[in-house]
Amino acid sequence: MPAAIVVKNLTKEFEVPAEGKTGVVATLLRKNKKIRAIDRVSLAIQEGEILGYIGPNGGGKSTTIKLLTGILTPTQGEATVIGFTPWKERSEYTRHIGVVFGQKSLLNWDVAPVESFRLYKEIYEMDEATYAARIHYLAKLFTIEQFMHTPTRKLSLGQRMRCELVAALLHKPRVLFLDEPTIGLDAIAKQKMREAIREVNRKEKTTIILTTHDMNDIEELASRIMILDKGKIIYEGDLDKMKNEFAQEHKIVFEPNRVKDEKKFAQFIEKYDAEQSGRFYTLVFNSKTIKPKRVLDELFDLCDLEGFEVFAPTLEEVIREIYAHQPA
Amino acid sequence: MPINLLKQWRVIAQSFRIQWLQIAEYKENFVFDVSSRVIGFLVFWFMWQSILGNTDIPGWDLPGLLVLAGFQNITMSMMLIFIYGVTKIRHMITSGELDNYLARPVVPWVPVVVQNGYFAFSGVLLGLALLVLAWSSFGLQINPFIALTILLLIIVGMGIAFCFALIVASLSFWLGKNDLFDDIFWGIYEFDQYPTTIFPGAIQLILAFTIPFMLLETLPAILLIGRAPEIVGVQWLGAGVLVLIVDAWIANQIWKRGVKKYEAFG
Ligand SMILES: Nc1ncnc2c1ncn2[C@@H]1O[C@H](COP(=O)(O)OP(=O)(O)OP(=O)(O)O)[C@@H](O)[C@H]1O
Ligand SMILES: [Mg+2]
């Protein structure tokens, strides 16, 4: 598959006032200092792929998205998105992309979402029939028919966010940028939104960059992730591969019913350094050296169990692990 | 290009619809709107009556001032409809809201300015009413040629004022949050109170490139009361078009540079 997005050594610096004295003269003379919001970021995304773009607050995710949507001009570096340089060919390029900023509304606050949709229809030069069919499809997919004629300021956050998605998808963009689209939504709303996004991606082969702090979003939508910290990419790869690589510490909690061989059981407990609390035992092991199934087989041989549970690390924990291992 | 114009027109039409819907949400504003305009006119009227009772302003008498007041109301309302929204641009630059339109194939200020204008057509009506009143009480010099000249003068004049407003607003790309727009734009607007002919040449020159009250108000009034030959209107129109071209070029340059500098806060 051809690459939809190729980014090479993209860097964006912002000027911020250097801290120091705050007197009138001092403020006027004060030099600005430069901070690097993103630092030589390179990436490639295939057509139709969903990339999870994650990282701690201030990592540079939104800055990357603003660069790739042509809103910001970079300090250095190159980017090609479906054949365009975003900040140079804005008027032609932006016809083919859609963007949602969870933190900012794209809809006019005082009027109903449909009025904003109609404005976008004119901006994207859609004819009436195409627009009607598209709205019909999207309104159904995101279930917004009930409230799309109500002024935006009277909508709940979840309702508004679904309308934002519709506004971004109206013109059938080839690339969709989602910057925290599920922020503040409840569990069911999140689930619905993910399903709709997946459907669009599957049906229209939309390439998607998704930024989020919710690892469930990533787990359900993204096939590949990229982790950005302090402007630098610190991890890039398949979700499954990453789990294999980092999610090694497994845990088994079990409750023995009848021990067949007390002596062997004691050895087993010692070998895995299991902790006992009441009738429950907890043992922790590295899944790279011992497969969980082998541990369980051993356990079944030694005793009958009342119950047991195996814990693999959640994506949340894996990510936390990766963040934590970054040098400060 | 023709298709592009058609598209711009449609974007503007839908933006107007949104402006109207926003105003309709807050209906009582319409009443305030009309009454504040009537009060404004009365203040203007009594002020001039007392000034004229004591001194002489070369060439201006009450019928002339009534016509001038008509054009002032029309200008003021058009400013509210088409230029007031520029203030919002300045706000969007500093708050980062401009992102929304920068990520779309549209000249960002077009929908912003129209959507955030103030639906002040009542002022246009009041202005026209004053002109009709002057016409029926004192009689005016009016023919299709003069009417067309006046219409074009006002369009060109509004164009110049718009470019100037956009230039001042664009400075926010560099200066961040500031009240420069209010200080400069509405500061210059204060000159609206008087016929421009009473000011020294330097001020008239500044007004010509910023808010050309000469084109918008004074000259149309002079033409209607028949104090200058029709050809004077055409000469001013030519000069106005030149100024408009210069202002539009400057506005475009500053805007383009500003967008490169844009920092998308928030
Ligand atoms: N317009 C701006 N001016 C100055 N600094 C900025 C600007 N925008 C972003 N930054 C800085 O750049 C860095 C990256 O910010 P960015 O918004 O891209 O982070 P993020 O990964 O989206 O964070 P979050 O998860 O909190 O949304 C931060 O240190 C931020 O303070
Ligand atoms: Mg962000």
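In table form, for the structure just shown:
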{"quantity": "Output for the range A:38-53, where each listed residue is within 13 Å of ligand 1 (Cβ to nearest atom) and among the hydroxyl-bearing types (Ser, Thr, Tyr)", "calculated": "A:53"}
{"quantity": "Test: residue in the range A:159-167 that is open to solvent by 50 Å² or more (accessible area, probe 1.4 Å), more than 10 Å from every other protein chain (Cβ to nearest Cβ) and outside any helix (DSSP H, G or I)", "calculated": "no"}
{"quantity": "Any chance residue B:249 is of a type outside the set (Ser, Thr, Tyr) and either within 16 Å of ligand 2 (Cβ to nearest atom) or within 14 Å of chain A (Cβ to nearest Cβ) (or both)", "calculated": "no"}
{"quantity": "Test set (1) assigned to a strand (DSSP E or B); (2) surrounded by fewer than 14 Cβ atoms within 10 Å (Cβ to Cβ) - residue A:178 fails condition number", "calculated": "(2)"}
{"quantity": "Matching residues in the range A:54-82 - criterion: being more than 9 Å from ligand 1 (Cβ to nearest atom) and under 17 Å from residue B:104 (Cα atoms)", "calculated": "A:67, A:68, A:69, A:70, A:71, A:73, A:81, A:82"}
{"quantity": "Evaluation of residue A:89 against (1) open to solvent by less than 40 Å² (accessible area, probe 1.4 Å); (2) over 30 Å from residue A:315 (Cβ atoms); (3) away from ligand 1 (no atom under 15 Å from the Cβ) (one fails), failing number", "calculated": "(1)"}
{"quantity": "Candidate set: the range A:181-228, residues that are part of a loop (DSSP other than H, G, I, E, B) and within 15 Å of ligand 2 (Cβ to nearest atom); chosen: the one modelled with the lowest pLDDT", "calculated": "A:184"}
{"quantity": "Residue tally, condition among the small types (Gly, Ala, Ser) and either open to solvent by 40 Å² or more (accessible area, probe 1.4 Å) or within 14 Å of ligand 2 (Cβ to nearest atom) (or both), over the range A:53-86", "calculated": "6"}
{"quantity": "Test: residue in the range A:97-111 that is within 10 Å of chain B (Cβ to nearest Cβ), among the aromatic types (Phe, Trp, Tyr) and more than 22 Å from residue A:211 (Cα to Cα)", "calculated": "yes"}
{"quantity": "The range A:238-281, residues that are in a strand (DSSP E or B) and surrounded by 13 or more Cβ atoms within 10 Å (Cβ to Cβ)", "calculated": "A:238, A:249, A:250, A:251, A:252, A:253, A:254, A:255, A:256, A:259, A:280, A:281"}
{"quantity": "Selection from the range B:145-181 of residues that are open to solvent by less than 20 Å² (accessible area, probe 1.4 Å) and of a type in the set (S, T, N, Q)", "calculated": "B:149, B:170, B:172"}
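The values are calculated or read from the model by the stated rules, or taken from the named source; none is laboratory data. Quick caveat: nothing in here was measured; it's all calculated off a predicted structure. No Cβ is skipped: glycine too gets one built from the backbone with ideal geometry, and neighbour counts run over all protein chains shown. Quick note on the areas: whole protein, heavy atoms, side chains included, nothing else; ligands and nucleic acids left out. Shrake-Rupley method; radii C 1.70, N 1.55, O 1.52, S 1.80 Å.
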